Every structure is written in C-alpha cells, then in structure tokens.
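Asker: I have a structure I would like to understand better, so I am pasting it below and will then ask my questions one at a time.
The values are calculated or read from the model by the stated rules, or taken from the named source; none is laboratory data. Given the structure is predicted, the values throughout are model-derived calculations rather than measurements. Because the Cβ atoms are built from the backbone with ideal geometry, glycine has one as well, and the counts that use them run over all protein chains shown.
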C-alpha cells in the first residue's frame, strides 16, 4: 500500500461521513455515531486531567474497545489491552507497562490506586481530529506470557494495526454489508483485529456478544444472517454437529492455534466454506494464511510480508510487527517457529523453537511454568513438557515434580498462581528427577512416565 493511500485511509477512519453515524456498528446496540460519541466523551474526560494518560481497557464491550482506539489515535491517551481481568494479572501488567486509569466493566478487580473512568458521551464532532497520531508512534500495549511468568509487553503503532486491517479488508473482500460473529474476545490481537478493527475499517457490522456454544453459534448466524465467522480451533471442533447449516456465511476464519484438518474438512463438507487459517502472533501481526480447501500443510505469506529462514527459524519483514521486535540489518524479525520452504514461495511450519505452546488458543511458556513450580517451598526440582493430545493438534501440559507434596496439593497451589489453561493437566510426583552432568533431562523417559496416565485421562 502506497504511503499516500495509507494516510488517506487513516484520516478517513477518524473523520467519517455523517450518513455513517446512523448505521449500526454493534448489531442493534451501538451505531457508528454512538462509537464516536463515546470516544469524544472519553477524550473530554481525559483532557480535563491534563497530560497524556495511559488507560487500561478492561472490557469485552467491542463498542468501548473501538471508542478507546479512536480516542488514542487522536493522541488523547495510550491504551493497555489486558490478557486477563484478574487482579493478579492486572497488577503484573501495571508493573510491566504502567497505567493510570481504567475504563472497565470489572472495577472490583482493579489494583489499588487506579482511577476508574466511567464511559460517557460528548458531541461526536469533538473527536474529529486536528491532531492525528503519527503512524509510527506506539499507542497500544498488548501482552504475552503473563500467567506463566512476567508478562511480555508488545506495543503497536497505528501503522502496525491499520495497515493489517486495510490489507485484510482488501484481500478477503470485506464489505460494508458484512455482519461478523466472533467467538474470540476483543482484548486479544486476533479478536481485536477481526471482531473490532476490521469490521470498523470496512464500515461493516459485528454482533455484540462472544459466542462459544455450538448451537448458540449456529442459531445466531442463521437468525441474524451473519456472513463472517471469526473463531478458534476449539470452537470449530465443537461445531462438528449434525445440524451444522449456516447458509448466510461467506467466510470463516481461524487463528490462535492450528486447526485440526478433520474439523476443517467437516465444516467444508457441511457448509461449502473452506476455513481460512491466519498464522501470526501478537508481536509479529499476521504472517501467512491458508485455506482448508487448498488441501496443503503449507502457508502462503501475506502479500505485504517478506520471509526467510535463519537456521531453520522463520524470520519475517512486515509493517505489522511490533517495534520491540529485534530486527537484523535487512529489517527481518526472528519468530519462535521453525519452518522449511515449500513451492510457490510458501513454507511449512515445523513447530516452536522456544518452548512456547498454545493450549485452547492461549500461549503458555513451558519454561515459565516450570520456574514457577520450582518456587514452591516443598518442591526440589521440576520439568514441564508438552504432550500431543490423543486427537487433533492440541497440547497437554505435563509436569514431573520432585518434592514432598501430593498431586492434589500441587495442583491446588498452581491454580492459585497460574491461569487455568496454564495449570499442568498431568502431574507426576517423583523422589528425584535424573539429570545429566550438564543438567539435561531424558525427554523420552519423561514422556514415558505419562503414557499410561494420559490415556487414563
């Protein structure tokens, strides 16, 4: 996309036509005019406090997220999007990135001393920007890690987010008559892009709720005649039901983990739609895509993304990547995935190279889980690994622990210090974990400990 074209689209988002104000953004709930009034109200509240504040958007309300993005793009504040709403997680994020105030649906979870800002409205003209944030000025912070260790902070600039939204809109033909339904929360990068920013830039509509149960998804699509489904692998698996019929759907997207091919083929057979998988991460943005209908394991890089291999590790060059990512002299960022080249400039992913896996679409750093277990006073040693599930490509976290405690006691302690998805599903208490002189463990021997136990679970 040419620089002048991006600049024009950037300003167009912030200065819409009056006719747009009456159109629904959130189906039958918030119009585009409502979003701009919420943004103007937030901007007015912040201006009275002086200086640029950092505000935590602790909400699942897509209208408030959209309004927060708008006001931040006009330099009224910088935003924090949390990975969890628990008090412990919010405290970790405040320590890592800092925030002065919060727009929140969960005020009881806020760390002490954080100012709560109640959503209010002001005339929409007040948000029309005389000052637009520089496209390369970071204005939004997202996180990875968190519950499994110190959260990693990744900032995003207007160019990072908007370039990706504009590209996706063009690539997949998203139009203003589309209606999105999403099972992904709007405070994670995938949900933010596909259930807030992409429909907003396309001037389309999105259904307000986060739908997770299969019959709820099917009935809502059919009642509202939704055209675009934004979901994750675990929900596509749940949609393997006999009555899967969604004639209004035109596109279906999946991310936050590898889609099991049998689940995708079932969806294709029942609906005629090949689910489009999006590969990327919080820090890199979107990298590549593939469709179930292509019958291939390889990924096609997005047209705006360049890639290469650095000793089997995938490296990418992209306008979508966070500024914190280290870049080589040519501007390439190293990802945490290993890959091999395929024909037609495509690549095949070979797995993680850094010990980070996904469980139910959430990132878990196995080393951080292991380190947290070792902090417990009754634990002498611990090894945490990932095992493949019996079906599909999901992961099961397993921990071998040397210490003076029971499995039940250990799991109770871990539930108090980790997010639920990061708690090892399989635990084995042993007297001692055998290691080599260099501190390495025999992975095959560790896996063997769990073979029977995993089958029992």
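Asker: Given the criteria at positive phi, surrounded by 14 or more Cβ atoms within 10 Å (Cβ to Cβ) and either at pLDDT 90 or above or in a loop (DSSP other than H, G, I, E, B) (or both), does residue 392 qualify?
Answerer: yes
Asker: Okay, next question. Could you please give the count of residues in region 166-225 that are in contact (Cβ under 8 Å) with a residue 60 or more places away in the chain, surrounded by fewer than 18 Cβ atoms within 10 Å (Cβ to Cβ) and not in a loop (DSSP other than H, G, I, E, B)?
Answerer: 2
Asker: Is it the case that residue 20 is closer than 24 Å to residue 167 by Cβ, touching a residue at least 24 places away in the same chain (Cβ under 8 Å), in the same structural domain as residue 156 (by TED's automatic domain parsing) and surrounded by 23 or more Cβ atoms within 10 Å (Cβ to Cβ)?
Answerer: No, not satisfied.
Asker: Does residue 41 count as buried (at least 21 other Cβ atoms within 10 Å of the Cβ) and out of contact with any helix residue (DSSP H, G or I) (no Cβ under 7 Å at 6 or more places or on another chain)?
Answerer: yes
Asker: From the residues in region 96-109 that are in a helix (DSSP H, G or I) and either modelled with pLDDT of 90 or more or in contact with a strand residue (DSSP E or B) (Cβ under 9 Å, 6 or more places away or on another chain) (or both), which one is farthest from residue 120 (Cα to Cα)?
Answerer: Across region 96-109, the extreme among qualifying residues is 96.
Asker: Scanning for something more than 23 Å from residue 349 (Cα to Cα) and part of a strand (DSSP E or B), does region 250-260 turn up at least one residue?
Answerer: yes
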